[in-house]
Amino acid sequence: MKFLFVISFFTLVSCDAVIFFGDNSSEIINMGNKETALESISHNIKYDFDKNIEFWQKPTETIGVGSGICIDSAILALSAMTAINEPCKLVWLKKGDMGHACIRIDGKLFDQQANRFMDYESDGWRIVGEYSFTDAMKLLSMHRIK
């Protein structure tokens, strides 16, 4: 098993699980393999319908509050996959006026909130951007002002 510790903004160290003790509970992201890590993120991170979409959370913040918007859980999933050496990218999708963030893993798009691979074209989405971990962290740093 592997743990994910987000030591700083850009540094990841592998271990068996992430344990974050928040105000009311503890959250664990199981890093045994990509499937358990992604399932754990989907199970433990809830969608926050009231969150400011202009402010993106660091992975530690998403774990800490146990919620976020699609970009927050996508960045957490991207960080988790990077920590266990799984090739992965952050992907921006657009459908009309709506946007969505997910990850590309094993050549397919994975919706970390729904815990499923998605057929984005048949769902009416189009890809508008794909970013490596390093590029995603640069984008994150630009969306940190509340």
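None of the figures in this text is laboratory data; all of them are computed from the coordinates on show. This is a predicted model, so every value here is computed, not measured. No Cβ is skipped: glycine too gets one built from the backbone with ideal geometry, and neighbour counts run over all protein chains shown.
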Check: Using mean Cβ contacts within 10 Å as the protection proxy, how do 128-138, 102-112 order, highest first?
Finding: 102-112, 128-138
Next item on the list: Express in % the proportion of alpha carbon pairs of region 64-146 at distances exceeding 20 Å.
Entry: 29
Checklist line | Estimated FRET transfer efficiency (E39, S141; beta-carbon r; R0 25 Å; 0.05) | finding: 0.30
Note to self: Past 24 Å, Cα to Cα: identify those pairs from K89/K138; K58/K95; K51/K138, in the order given.
What the structure shows: K58/K95
Check: In whole Hz, what ³J(HN,Hα) sequence does region 37-49 give by Karplus (6.51, -1.76, 1.60; θ = phi - 60°), x for Gly and Pro?
Finding: 5, 5, 5, 5, 5, 4, 6, 8, 10, 8, 6, 9, 5
Next item on the list: Sticking with the crude label model, points 7 Å out along Cα→Cβ, report the distance from E121 to K51 in nm, one decimal please.
Entry: 3.1
Item checked: Within straight-line cross-link reach of K108, aspartates and glutamates at Cα separation under 20 Å, skipping those fewer than 8 residues along the same chain -> E35, E39, D72, E86, D119, E121, D123, E130, D135
Item checked: Nonlocal amide H pairs with L109, under 5 Å, H built at 1.01 Å -> M118
